[in-house]
Structure formats: structure tokens, C-alpha cells
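Here the structure comes first, spelled out in C-alpha cells, and everything after it is commentary.
Taken together, the values in this text are just the output of simple stated rules run on the coordinates, not laboratory data. This structure is a prediction, so every number in the text was calculated from the model and none was measured. Glycine gets a Cβ as well: all are built from the backbone with ideal geometry, and neighbour counts include every protein chain shown.
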Amino acid sequence: MDLSIIIVNYKAWSSLSVTLDCLKNILNGQIDFEVVVIDNCSQDGQLSRFSDLYPRFKFLENTGNWGFADACNLGARSTSRNCFLFLNPDTLPNAAAIEAMYSLLMDKTEYALLGCLQNDRNELKIKLTPNLYTLLGFTRILYRFLNRHSLRQRSCTCQRIASPDWVSGSIVMISRTWFEESGGWDADFWLYSEDTDLSRKVAHKGGKIGLLCAHTMIHRHGGASRVDRQTTAITKSEVKISSHVYIQKHFTGNSKITGHAILILNNLLVNLPVAIVGLFFFFIAPLRISSQIYGNLIQYYLSVIKNNNWISPRSKNFRVRRV
């Protein structure tokens with residue numbers, strides 16, 4: 001296979017070891033591919049140990065924890081292979097799914113970006129491009145209900161290869177040609193929504209997005225982004241922040257203003273009661289995390305006002321644009 005499997009890691013060594021063992025077993029079965037692990041500057045002494053434990057794999061250290069998209073781009077630049085499979089370090093890859101995605105991408109040139117089912121998620125629901133009708137959970141439920149027949153026809157319920165608007169960045173395969181044509185991952189996104197953005201860019205270039213319904217990889221959600229309470233609070237904050245980044249990039253006119261306003265009101269008003277309770281019941285971990293998320297969002301919105309910039313302050317691009 002002319003394939004490089006690129007994995008981004010930040011202190012998720014326990015999950016990563018399981019993923020790498022799976023890939024090592026697949027390689028022992030004589031399927032050839034390259035594995036590149038980008039460590040986002042964990043600085044905990046584990047990188048050199050893992051390099052010794054897995055000598056067949058390439059390990060690179062990023063200059064900082066600049067997020068998923070930046071590290072994926074670094075991984076793509078580090079290899080000369082012509083197809084990329086981006087995997088989260090908490091996935092359990094298998095040969096059948098890898099071979100099926102690779103074969104389809106090579107044989108069916110109309111497909112530009114592929115994913116497969118993840119067994120702990122309801123992938124029967126088509127992933128939808130964010131718009132004013134799908135920004136919030138309850139409006140998204142209503143939108144799905146009103147469009148249930150057309151969405152069902154595109155899903156794994158009716159298709160061998162589903163046609164979502166986007167596929168999850170935890171398991172995504174793309175050729176180098178389409179990767180470069182689309183501009184790759186956008187490092188304005190620190191974490192989350194970068195997969196929606198990449199899928200959108202590929203689709204706008206005429207590429208087809210596909211989800212293989214006959215193949216599944218296990219994705220142990222939270223194995224990489226929930227390694228401790230502090231990381232949990234940060235990553236859950238970035239879910240909300242990344243939505244603002246997406247709106248700023250892809251919404252226009254009044255839709256952009258309305259989208260930002262909807263999210264701000266939802267994040268600050270709807271979540272305020274739980275955040276206040278968390279201040280008093282800080283010894284209850286989920287409540288304390290809710291308060292931390294709320295505090296992170298307040299800091300983010302103050303940063304937006306101060307810098308006139310919706311990019312997450314954790315992004316490398318945020319620093320570049322401040323210079």
C-alpha cells in the first residue's frame with residue numbers, strides 16, 4: 001500500500017499503545033504501510049520510550065501542543081506516500097477496514113475522502129454540515145425529523161456506501177492529491193470541527209465523501225481527549241470554540257452574526273446554572289468541570305473582543321496573527 005497512517009498523540013500513551021499493537025499485528029500479516037506518530041509536545045518522557053518499543057514506526061515531536069489539525073499537517077509533510085489515513089490514538093484499526101477504504105479510494109476516483117463505521121456511535125445518522133438549523137441539539141433533532149426520508153436514503157440504512165456531509169477526523173482516509181487540492185487540515189481549528197471543514201473544502205472542489213457501511217473500527221471515545229479532568233475541561237471547551245471558528249469561516253452576512261449570537265446565548269445563559277452549582281459543589285467532578293468549561297468560554301469571549309479574532313488562543317495561527 002502506498003499509504004501512511006498518521007496518528008496525533010498528546011499524553012494518551014495508554015490508548016496509543018493499544019492502537020500501535022493493532023497496527024503492528026496488521027503489518028505482521030504482510031500488509032505494507034507506514035505509521036507516523038506526531039506527539040504534540042507531551043514532554044513527559046514517554047516519546048523516547050515509545051520510539052524504542054515500536055522501532056518500525058516513525059515518531060516525531062511537534063514544537064508545541066498546537067492542536068490536531070496542525071499535527072496532522074506535520075505528519076502529511078513528513079511522508080512521501082500518496083495516501084493518508086488519519087487515526088485517533090484511541091481507535092482499534094483492522095486490516096479489512098483499511099484495505100476496503102484504500103481500495104475504494106484508489107479504484108473509484110470520484111471518491112476523495114472516506115471513513116468507516118465506528119461501533120460505539122450511531123453512524124446511521126448522516127453527519128450534517130452546520131447551519132442555523134443544525135447548530136443546537138434540539139433544532140438539529142427537528143431538522144432531522146423534517147428531512148428524515150431524504151437523509152435515510154443517504155445513510156447506511158439504505159446504502160452500501162453512505163453519503164454524509166462530513167466524516168469524523170478520528171478515522172479519515174484521503175489521497176495526497178485531494179489533500180493538497182483542498183489545502184489540507186486548517187490549523188485555525190485547535191480541536192474539533194476541522195474534519196467538518198476539511199470535508200466541506202473537498203466537496204466544494206468536487207470530491208465525493210463516503211462512509212463504508214460494511215466495515216467498522218472501534219473508537220474508544222475519550223481515550224485521547226479525556227486523559228484527566230483538566231484535559232477534559234479544555235477539550236469540551238474547544239468543542240464550543242471550534243463552532244465559532246467554523247461559523248466565522250463559512251457563514252456569511254446575517255447568518256454569521258446570528259450563528260455567533262445563538263452559540264453565545266446558549267453557552268453563557270443555558271449553561272450558567274450548572275456552572276454556578278459547580279462552584280459550590282466543586283468536589284463533584286462533573287460539576288467542577290462544567291464550571292471550568294464556563295470559565296474557559298468567558299476567557300475565550302474576552303479574547304475575541306480584545307483581539308477581534310475568533311480563533312482559539314491555543315492555536316498556533318492565533319499567535320501568528322497577533323504578531
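Quick notes on this one:
- Charged-residue dipole, Cβ positions (Lys, Arg, Asp, Glu), the range 116-244 about Cα centre, Debye nearest 20: 600 debye
- Shown for Tyr54, Tyr246: other C-beta atoms within 10 Å of each C-beta, ranked fewest to most, produce the order Tyr54, Tyr246.
- Separation of the range 113-171 from the range 246-323 is 25 Å, based on Cα centroids.
- Relative pair counts by distance (%), Cα atoms of the range 1-61, 10 Å bins: 22, 59, 18, 1
- For the chain, the gyration tensor built on C-alpha atoms gives an oblate shape. Its axis ratio a/c (a ≥ b ≥ c) is at least 1.5, and a/b is not larger than b/c.
- Overall, the range 190-323 carries a charge dipole of about 400 debye about its Cα centre when +1 sits on the Cβ of Lys and Arg and -1 on the Cβ of Asp and Glu, all other atoms neutral.
- Span-rule helices in the chain, defined as complete DSSP H runs reaching 20 Å or more along the axis (Cα) with Kyte mean at least -0.5: 13-28, 285-307
- Look at the Cα gyration tensor of the range 105-219: its axes a ≥ b ≥ c give a/c of at least 1.5 with a/b at or below b/c, and that counts as oblate.
- Across all Cα atoms of the range 229-322, the radius of gyration (one decimal) and Dmax (whole number) stand at 14.0, 44 Å.
- Positive-end residue of Ile262, Phe282, Val239, charge dipole of the range 229-322 with Cβ unit charges: Val239
- Computing FRET efficiency as 1/(1 + (r/R0)^6) for Arg229 and Asn308, where r is the C-beta to C-beta distance and R0 is 51 Å, gives about 0.95.
- Estimated [θ] at 222 nm from DSSP helical runs (n ≥ 4, -39500 (n - 2.57)) normalised by residues in the chain, nearest 500: -15000 deg cm²/dmol
- Positive-end residue, the chain charge dipole about Cα centroid, Cβ charges, pick of Ser312, Pro93, Trp66: Ser312
- Straight Cα distances below 29 angstrom link Lys240 to the lysines Lys11, Lys125, Lys127, Lys201, Lys205, Lys208, Lys249, Lys256, Lys306, Lys316, with same-chain residues fewer than 8 positions distant left out.
- Dipole moment magnitude, nearest 20 debye, the range 4-217 about Cα centre, only Lys, Arg, Asp, Glu C-beta charged: 820 debye
- A cut-off of 5 Å between modelled amide H atoms, ignoring neighbours fewer than 5 places along the same chain, links Ile5 with Glu34, Val35, Val36, Leu85.
- Potential lengthening of the chain between Ala95 and His204 amounts to 36.2 nm, from the contour at 0.36 nm per residue minus the alpha-carbon distance.
- For the chain, Cys22, Cys41, Cys72, Cys83, Cys116, Cys158 have no disulfide-compatible partner, since no other Cys C-beta lies under 4.7 Å from theirs.
- Tensor-based shape of the range 178-281 (alpha-carbon gyration tensor, a/c under 1.5 rounded, otherwise prolate or oblate): oblate
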